[in-house]
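Right, one structure below, let's go through it.
The values are calculated or read from the model by the stated rules, or taken from the named source; none is laboratory data. The model shown is predicted, which means the values in this text are computed figures rather than measured ones. Because the Cβ atoms are built from the backbone with ideal geometry, glycine has one as well, and the counts that use them run over all protein chains shown.
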Amino acid sequence: MRTSWSTPRPSARSATNAGVPSPVRAGNVEVRTSTRGLGIGWESRRKGAVAKIKVYDISVVGSAGFLGSAVVRIARSEGRSVAEFGRSRPLASDGVLDPDAASSRHLVWAAGSLSPLLAHERPDLVEDELDDFSRVLDAVSSASPDQHVVLLGSGGTAYDIKDPAPHSETSPVGPSSAYGRYKVAQEDVLRASGLNHTVLRVANAYGPGQKGARGQGVLAFWMRAILQGESIKLLGSGDVARDYVYVDDVARAVMAVAGTDGAPALLNVGSGVPTSLDELLSVLRSVVGDTHPFDVEHLPARGVDVPSTWLNVSEAARTIGWEARTPLQDGVRLMWNWLAE
C-alpha cells in the first residue's frame, strides 16, 4: 500500500509534547487524544457537541490483500471490531493518522506492493516503500504512541540460508535476495520507531484468496495453469523444500498475539514442516484427481527465489499458545475448491 504525503515527513515522537493532546483531523472534525494511555477515549467536537469515537480492537492495513483479508475475516469471526485501510482508505493523510486507526489497540501491517522479482528489478521502489512505512509509523507515534503494531514479515527470506534449518527466532539473519533485504529493513524501521510491536516472520502462506500475482504463490500459479488446461512449471529442483502455512492459521497467529499481554517482539509463524516441491505436486494431484490431468514442465530456478525454508515455531506455541492446525492436504483442497468455483 502506498500512502500519499504532501507535507514534510514528521519525526517520530517529536510532534507531540508530553501530556499535550495531539490533534487529528477528519473533515471538519477535530479529534484529540492524550499521549498517555492506549490512545483511546477520543472525543470529536462539532458545533459544541461531544461524541465518543469508536474504539477498535484492530486496524488492518492492506485489508483487501491476501493476508490482510484473512486477518479481517478471522478477527470478525472472533467478535473483534476491525477498521480497514488500503488504497481506497489511506491510514494517514497529510501526515495525520486516521482517527479510527488512532483509536485501535492493535495495528496490523499486512500491506505491500513488492514481489521478489520487483524488489530485484526496482530498488527505487524498495526505498519508496520503506520511506512510506517510516512516515506512517511517525504518524502512529504522534497520535497513538502506546499502540501495538503487528508486522507481517517474511520468515522465508530473512534467515541466512547457510545456517542449518529449522530456523528459530535467534538464528542468524542473512537475506540472500533484494526482497529479503527489504523485509528485514522493514523490521528495522519498526524497531527504530520505539513503538510497542511484534514482528511475525511468516513462512510460505497459501490458501483461498491467493491469486498468484506478482511472482508469488507457487500453488496459485499451478492451480490456475491446471484450470486453464496448461502444463505447470516447476522452477528448479523438485527436492527444494519449503514451509507452507495455511492463511487462516497465519490470521489466527495475529489474533493470538493481540490476545496476549506482553507478546514477544519477534515470532516465527509456519507449519514447522518442510515440504518439497515434488511432495507438494503429489498432494496437488491427489486433490485435483483425474478430472484435471496436467503435465509438469521443468525450468531453471529463478535467482530471486530462496532455495529452501523451514521454520522452528516452538516459541509461538510457548508464548502465545499458537500452532498451525491445518494439514497441508486439507489446506490445498480448500484452496483448490475456492479457485475452481
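Condition (residue is in a helix (DSSP H, G or I), within 28 Å of GLY259 (Cα to Cα), of a type outside the set (Asp, Glu) and at pLDDT 95 or above) applied to segment 102-116: is it met by at least one residue? Reasoning before the result, please.
Of the residues in segment 102-116, the ones in a helix (DSSP H, G or I) are 102, 116.
Filter once more, keeping what is within 28 Å of GLY259 (Cα to Cα): 102.
After this cut, where a residue has to be of a type outside the set (Asp, Glu) as well, the list is 102.
Next, only the ones that are at pLDDT 95 or above stay: 102.
Checked against the condition, which is being in a helix (DSSP H, G or I), within 28 Å of GLY259 (Cα to Cα), of a type outside the set (Asp, Glu) and at pLDDT 95 or above, segment 102-116 yields at least one hit.
For segment 264-299, which positions are of a type in the set (D, E, K, R) and either in contact with a Cys (Cβ under 9 Å, 6 or more places away or on another chain) or within 19 Å of ALA241 (Cα to Cα) (or both)?
Pass one, segment 264-299, residues of a type in the set (D, E, K, R): 278-279, 285, 290, 295, 297.
Matches in segment 264-299: ASP278, GLU279, ARG285, GLU297.
Name the residue that is nearest to the chain's Cα centre (by Cα), counting only residues in segment 69-99 that are assigned to a helix (DSSP H, G or I) and free of Cβ contacts under 8 Å to residues at least 60 places away in the same chain. Lay out the reasoning, then the answer.
Step one: list which residues in segment 69-99 are assigned to a helix (DSSP H, G or I), which gives 69-77, 99.
Those still in the list that are free of Cβ contacts under 8 Å to residues at least 60 places away in the same chain too: 72, 76-77.
Details: VAL72: 12, ARG76: 17, SER77: 19 Å.
Once the filter is applied, the top-ranked residue is VAL72.
Which residues, counting only those in segment 119-174, are hydroxyl-bearing (Ser, Thr, Tyr), under 17 Å from the mean Cα position of the chain (by Cα) and in a helix (DSSP H, G or I)?
Matches in segment 119-174: SER134 only.
Residue pairs, Cβ under 6 Å, 6 or more apart or interchain, first in segment 149-162 and closer than 18 Å to HIS197 by Cα, second assigned to a strand (DSSP E or B) and of a type in the set (Phe, Trp, Tyr). List them.
Taking only residues 6 or more apart or on different chains, the pairs are LEU151/TRP109.
If LYS54 satisfies every condition in (1) in a helix (DSSP H, G or I); (2) basic (Lys, Arg); (3) over 21 Å from ASN204 (Cβ atoms) but one, which is the exception?
Going through (1) in a helix (DSSP H, G or I); (2) basic (Lys, Arg); (3) over 21 Å from ASN204 (Cβ atoms) one by one, LYS54 breaks only (1).
Residues are listed down the side, and each one gets a yes or a no for (1) assigned to a helix (DSSP H, G or I); (2) aliphatic (A, V, I, L, M):
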{"site": "TYR244", "(1), (2)": "no, no"}
{"site": "VAL254", "(1), (2)": "yes, yes"}
{"site": "SER271", "(1), (2)": "no, no"}
{"site": "PRO293", "(1), (2)": "no, no"}
{"site": "HIS298", "(1), (2)": "no, no"}
{"site": "ALA317", "(1), (2)": "yes, yes"}
{"site": "TRP338", "(1), (2)": "yes, no"}
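Have a look at GLY153, GLY194, GLY180, GLY174 and point out the one that is closer than 17 Å to GLY68 by Cβ, out of contact with any Pro (no Cβ under 7 Å at 6 or more places or on another chain) and of a type in the set (Gly, Ala, Ser). Can you show your working first?
Values: GLY194 fails: closer than 17 Å to GLY68 by Cβ; GLY180 fails: closer than 17 Å to GLY68 by Cβ; GLY174 fails: closer than 17 Å to GLY68 by Cβ.
Of GLY153, GLY194, GLY180, GLY174, the one residue that is closer than 17 Å to GLY68 by Cβ, out of contact with any Pro (no Cβ under 7 Å at 6 or more places or on another chain) and of a type in the set (Gly, Ala, Ser) is GLY153.
Just the residues that are surrounded by 14 or more Cβ atoms within 10 Å (Cβ to Cβ) and on the phi > 0 side of the Ramachandran plot, please, taken from segment 215-233. Give the derivation first.
Here is the first cut: in segment 215-233, the residues surrounded by 14 or more Cβ atoms within 10 Å (Cβ to Cβ) are 215-227, 232.
Once the filter is applied, which keeps residues that are surrounded by 14 or more Cβ atoms within 10 Å (Cβ to Cβ) and on the phi > 0 side of the Ramachandran plot, segment 215-233 yields GLY215, GLY217.
Name, by its number, the condition in (1) within 30 Å of ALA178 (Cα to Cα); (2) out of contact with any strand residue (DSSP E or B) (no Cβ under 9 Å at 6 or more places or on another chain); (3) modelled with pLDDT of 95 or more that does not hold for GLY303.
The failed condition is (3).
I need the full set of residues from segment 274-286 which are crowded, with 18+ Cβ neighbours inside 10 Å and not in a strand (DSSP E or B), in order please.
Passing the criteria: LEU277, LEU280, VAL283, LEU284.
Look through GLY262, GLY321, GLY236 and report the one residue that is at positive phi, surrounded by fewer than 17 Cβ atoms within 10 Å (Cβ to Cβ) and free of Cβ contacts under 8 Å to residues at least 24 places away in the same chain. Lay out the reasoning, then the answer.
Working: GLY321 fails: free of Cβ contacts under 8 Å to residues at least 24 places away in the same chain; GLY236 fails: free of Cβ contacts under 8 Å to residues at least 24 places away in the same chain.
Exactly one of GLY262, GLY321, GLY236 is at positive phi, surrounded by fewer than 17 Cβ atoms within 10 Å (Cβ to Cβ) and free of Cβ contacts under 8 Å to residues at least 24 places away in the same chain, namely GLY262.
Scan segment 318-341 residue by residue and report those that are closer than 11 Å to LEU284 by Cα and among the aromatic types (Phe, Trp, Tyr).
Looking only at segment 318-341, we keep the residues that are closer than 11 Å to LEU284 by Cα, and these are 328-333, 335-336.
TRP336, the sole residue that qualifies.
Which of (1) surrounded by fewer than 17 Cβ atoms within 10 Å (Cβ to Cβ); (2) at pLDDT 95 or above; (3) closer than 20 Å to GLU315 by Cα is the odd one out, the single condition ASP163 does not satisfy?
That leaves (2) as the condition not met.
For segment 137-146, state whether one or more residues are closer than 30 Å to PRO327 by Cβ, touching a residue at least 40 places away in the same chain (Cβ under 8 Å) and surrounded by 23 or more Cβ atoms within 10 Å (Cβ to Cβ). Break it down stepwise before answering.
Residues of segment 137-146 closer than 30 Å to PRO327 by Cβ: none.
Checked segment 137-146: no residue is closer than 30 Å to PRO327 by Cβ, touching a residue at least 40 places away in the same chain (Cβ under 8 Å) and surrounded by 23 or more Cβ atoms within 10 Å (Cβ to Cβ).
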